[in-house]
1. Evaluate E = 1/(1 + (r/R0)^6) for ASP234 and THR66, where r is the Cβ-Cβ distance and R0 equals 35 Å; express this FRET efficiency to the nearest 0.05.
2. Restricting to the chain, what percent of DSSP beta bridges are antiparallel, rounded to 5?
3. With a point put 7 Å past each Cα toward its Cβ, work out how far ASP30 is from ARG242 in nm, to one decimal.
4. Using only Cα atoms and rounding to the nearest 10 degrees, what angle (0 to 90) does helix 178-193 make with the longest principal axis of the chain?
5. Taking 0.36 nm per residue of sequence separation and subtracting the Cα-Cα distance, how much length would be gained by fully extending the chain between THR22 and ALA121, in nm to one decimal?
6. Sort the following peptides by mean Cβ neighbour count (other Cβ atoms within 10 Å, averaged over residues), highest first: 44-53, 92-101.
7. Nothing charged except the Cβ atoms of Lys and Arg (+1) and of Asp and Glu (-1): what's the magnitude of the dipole of region 97-163 about its Cα centre? Round to the nearest 20 debye.
8. What does the highest-first list of 21-27, 73-79, 120-126, 185-191 look like by mean Cβ count within 10 Å?
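Every number in this text was worked out from the coordinates using simple rules, so none of it is lab data. What you see is a predicted model; the values in this text were computed from it and never measured. FYI the Cβ positions are ideal-geometry reconstructions off the backbone, even for glycines, and counts take in every protein chain you see.
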Amino acid sequence: MIPPAGPMPAVEFSGVHAWFGTTHVLRAIDLAVAPGETVVICGPSGSGKSTLIRTVNGLVAHGAGTIRVAGVTLDGGAKAADAVRARVGMVFQGFNLFPHLTVLENCTLAPLHVRRVGLAAARALALGHLDRVGLADLAGRRPAELSGGQQQRVAIARALSLEPDVMLLDEPTSALDPEMVGEVLAVLTDLARGGTTLLCVTHEMGFARAVADRVVFMDEGQIVEIAPPEAFFDQPRHPRTRAFLSRIL
Ligand code: ADP
Ligand code: MG
């Protein structure tokens, strides 16, 4: 057996395609995200960014190719999908907290039911994650009593509650009022610098430049360009990347 060249990727796409009906939305995606790496995905609306990250936890089934998460191959079966979902944290644009549960209960739900840890241990872990996002003192509140920025920080703490191998974030600041974007990006920066593996769709190019290890540009279901931020922003190679950056920067 030939030994692997490096550590096992946290997420690995090889030759991945996806279709919605007859619409071909992911085309031959090859991407390996290393443990501890922060990869930012950008690109125009409809280019397949959400679909790409949703394939990682099986929210969207890929039609061809291979996706491996922490060594588990998503083969279309429920067993692999469950194993992967227990290893992946997901943060959406719209927070998606459970409105009837407190902040703490939102963060203990998955450990109690997926990991089957005891209540005291689940609470202690959740309070640790809430402290990490600066919200331990609001543990008893309900989501409606929090600002949008605070709700998104709770959603990040909830996603951390399973101690995932990779965090998927789909435009985590796009639904926020401008004054709340910074507090969420500060939490993500702290996670990235602390070694959490992040695969993040965002148009916050300042964040991408400062925090990403690599930036991916998608267009029409393909990865058009992938490079470290300095090269990506200062010397984009593909005309479509240049056109996109000139529109948004
Ligand atoms: P992005 O996140 O980059 O804006 P998406 O991944 O949401 O792009 O969408 C990629 C393409 O797939 C678009 O053409 C979109 O219209 C289509 N699409 C996304 N979700 C669905 C769905 N549930 N059913 C049918 N088509 C979809
Ligand atoms: Mg999207």
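1. On the way: r = 33 Å, r/R0 = 0.96.
My answer for the efficiency is 0.55.
2. Working: 19 of 35 bridges.
Rounded to the nearest five, the antiparallel share is 55 percent.
3. 2.5 nm
4. The angle comes out at about 80 degrees.
5. On the way: separation 99, 0.36 × 99 = 35.64 nm, distance 4.73 nm.
Result for the pair: 30.9 nm of gain on full extension.
6. Values: 44-53: 19.5, 92-101: 15.1.
Most protected by this proxy first, the peptides run 44-53, 92-101.
7. Values: 8 positive and 5 negative charges, 28 e Å.
Computed about the Cα centre, the dipole is about 140 debye.
8. On the way: 21-27: 13.4, 73-79: 11.9, 120-126: 16.9, 185-191: 19.1.
Put in order of decreasing packing, that is 185-191, 120-126, 21-27, 73-79.
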